[in-house]
Amino acid sequence: MITTAIFPGRYVQGAGALAQLGDELARLGSQALVLQDPFVAEHFGEQLKTILAGKLDCHKEVFSSECCDEEIERLVALARQRGVDVVAGIGGGKTADTAKAVADALKAPVAIVPTLASTDAPCSALSVIYTATGEFKRYLLLPRNPDLILVDTAIIAKAPARFLVAGIGDALATWFEAEDCRASGANNMSGRPGPATAYGLARMCYELIMKYGPLAVTACEQQVVTPALERVVEANTLLSGLGFESGGLAAAHAIHNGLTVLPETHHYWHGEKVAFGVLAMLMLTNREPELIDEVYTLCEDVGLPTTLAALGLGEADDAALMRAAEAACAAGETIHNEPFPVAPRQVLAALKVADAYGRSRLGGCCHGE
Ligand SMILES: [Zn+2]
C-alpha cells in the first residue's frame with residue numbers, strides 16, 4: 001500500500017508574529033502581491049507598510065469581493081503586469097482562498113496570514129470558488145500546500161471568541177474522522193491512505209483542544225494571549241489541517257454537509273455545524289459512553305451546539321432531518337469512509353439521539369413528553 005501525507009512548507013505562530021512577515025516573504029520572492037481584506041487594510045494597513053518596507057517590493061490590494069473566477073482573473077492579470085513572484089493573503093477564509101488560487105495560476109509561492117482561527121482551511125491545498133454572487137461553484141484542488149502560514153495570535157485574540165469556538169468545533173472532528181479512515185483504509189485528501197504520522201497528529205489535535213479549549217476561549221474573551229490560547233490556535237489551524245488533509249474526512253463533515261440543505265442552519269458557522277456532526281457521528285459509530293460524555297462536556301464548556309435547537313433546528317421534523325440525512329449519505333460523500341455501510345435512516349437516528357442526549361444533559365427532558 002502506498003500512503004501519502006501533505007504539508008504546508010513553513011508554519012510561524014505567536015503574539016506579534018506579523019512583524020516577521022517581511023523577512024518571511026523575502027524568503028519566497030522579491031515582488032509581492034499582498035491581498036488584504038478590508039478589516040486588515042483598515043486596522044493593520046499602516047503597520048504592514050512599516051513591516052514590509054525595505055524587505056521586498058509590494059503591491060497591496062484590498063480584497064473586498066468574492067473568491068470567484070472574475071476576481072482571480074483580475075488579480076492574476078495585475079500580478080503579471082507587475083512581475084509578481086510571491087502572493088500573500090491576509091484576512092479571512094475567502095481572502096486566503098483567493099490568494100491560493102492566484103498564486104497557483106502564476107505558479108508562484110503563496111503565504112497565508114489568517115486573522116481568525118475559525119477553520120482548518122489556511123494550511124490546505126484547496127480553494128473554494130464561488131460565483132460572483134456568492135453561491136458555491138467548485139473546489140479548486142491545488143498541486144501543493146501554501147509555502148508559508150503565519151499566525152499572529154495577538155490578532156486572533158482580538159477577534160470575537162465565537163470564531164475560536166467554531167475552530168474548536170472543526171478541530172473536534174479531526175481525530176474521529178481520521179481514526180475511522182484509518183480503520184477502513186479510506187483515502188485522505190491526496191487520494192491515498194494516510195501514514196501513521198497523520199493519525200498521530202490528529203490525536204494530538206484532539207488532546208490539545210480537550211485540555212486547553214475552555215481556557216483558550218476564556219483568554220480570547222479577555223482578548224489576551226496565553227499559552228492555552230497558543231496551543232488551541234495551533235490545534236485549530238495546523239494540527240486540524242494536517243489531520244484532515246492527510247488523515248481523511250468521514251461522517252462528521254458529511255453530516256455537516258447534510259445539515260446545510262436545511263436553510264435554518266445557514267446562520268451558523270462551519271465549525272458549529274461540524275461539532276454537531278461529531279456528536280451525531282459518535283452515536284452513529286457507537287463510541288464508548290465515557291468518550292461521548294467527554295465530548296459533550298467540551299462542547300458545553302466552550303459553547304458549541306449540543307442540540308438541534310442550538311443550530312436553529314428546534315422545530316425540524318423527521319422529514320426535514322431525513323432530507324439532511326439523505327444529503328449526508330449522497331454518493332461520493334465522506335460518510336462512506338466509515339468502516340461500515342451507512343444509510344440515511346442510521347444518520348436520522350444518530351441526529352435524533354445526539355439532540356435528545358444534548359437536551360437531557362442541559363436539564364431538559366429527553367423522553368419527548
Ligand atoms: Zn472542516
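Throughout, read-outs are computed from the coordinates displayed, never taken from laboratory work. Being a predicted model, the structure only gives us computed values, none of them experimental. Cβ: placed from backbone, ideal geometry, glycine included. Neighbour counts: every protein chain shown.
Worth a mention:
- If only residues of the stretch 205-224 that are among the hydrophobic types (A, V, I, L, M, F, W, C) and surrounded by fewer than 19 Cβ atoms within 10 Å (Cβ to Cβ) are counted, the one that is nearest to the ligand (Cβ to nearest atom) is M210.
- Per-region count, the stretch 9-58, residues in contact with a helix residue (DSSP H, G or I) (Cβ under 6 Å, 6 or more places away or on another chain) and among the aromatic types (F, W, Y): 1
- Set side by side, the residues A202, A280, A198 differ, and just one is among the small types (G, A, S), more than 23 Å from A319 (Cβ to Cβ) and away from the ligand (no atom under 14 Å from the Cβ), which is A198.
- Filtering the stretch 289-307 to residues that are of a type in the set (S, T, Y), part of a helix (DSSP H, G or I) and over 18 Å from A216 (Cβ atoms) leaves only Y296.
- Exactly one residue out of A310, A324 is among the small types (G, A, S), farther than 28 Å from P114 by Cβ and either more than 14 Å from the ligand (Cβ to nearest atom) or not in a helix (DSSP H, G or I) (or both): that is A324.
- Search result, residues across the stretch 79-91 that are part of a strand (DSSP E or B) and on the phi < 0 side of the Ramachandran plot: V86, V87, A88, G89, I90
- Note on the stretch 160-176: among residues that are aliphatic (A, V, I, L, M) and more than 9 Å from the ligand (Cβ to nearest atom), the one that is surrounded by the most Cβ atoms within 10 Å (Cβ to Cβ) is I168.
- In the stretch 345-368, the condition of being buried (at least 23 other Cβ atoms within 10 Å of the Cβ) and within 16 Å of the ligand (Cβ to nearest atom) is met by no residue.
- The one condition from (1) within 14 Å of the ligand (Cβ to nearest atom); (2) touching a helix residue (DSSP H, G or I) at 6+ places or on another chain (Cβ under 8 Å); (3) not polar (S, T, N, Q) that G241 does not meet is (2).
- Residue in the stretch 182-192 that is more than 29 Å from P143 (Cα to Cα) and surrounded by 19 or more Cβ atoms within 10 Å (Cβ to Cβ) present: no
- Look at (1) polar (S, T, N, Q); (2) crowded, with 17+ Cβ neighbours inside 10 Å; (3) out of contact with any Ser or Thr (no Cβ under 9 Å at 6 or more places or on another chain) and you find that S64 fails only one, number (2).
- Search result, residues across the stretch 251-277 that are of a type in the set (A, V, I, L, M, F, W, C) and away from the ligand (no atom under 12 Å from the Cβ): A251, L259, V261, L262, F276
- Pair list, Cβ under 8 Å, 6 or more apart: the stretch 248-263 residue within 21 Å of T197 (Cβ to Cβ), other residue within 12 Å of the ligand (Cβ to nearest atom) and in a loop (DSSP other than H, G, I, E, B): G248/M189; L249/M189
- Taken together, the residues in the stretch 114-140 that are in contact (Cβ under 8 Å) with a residue 12 or more places away in the chain, surrounded by fewer than 17 Cβ atoms within 10 Å (Cβ to Cβ) and more than 16 Å from the ligand (Cβ to nearest atom) amount to 5.
- Among the residues of the stretch 133-189, those that are out of contact with any helix residue (DSSP H, G or I) (no Cβ under 8 Å at 6 or more places or on another chain) and among the basic types (K, R) comprise R138, R144, K158, R162.
- The residues of the stretch 327-345 that are assigned to a helix (DSSP H, G or I) and closer than 12 Å to I255 by Cα, listed by number, are A327, A328, T334, I335, H336, P344.
- Candidates V102, V110, V76 - the one that is crowded, with 24+ Cβ neighbours inside 10 Å, more than 23 Å from N188 (Cβ to Cβ) and in contact (Cβ under 8 Å) with a residue 24 or more places away in the chain: V102
- Strands (runs of 3 or more DSSP E) fully within the stretch 8-68 that include at least 2 residues being touching a residue at least 12 places away in the same chain (Cβ under 8 Å) and of a type in the set (D, E, K, R): 57-62.
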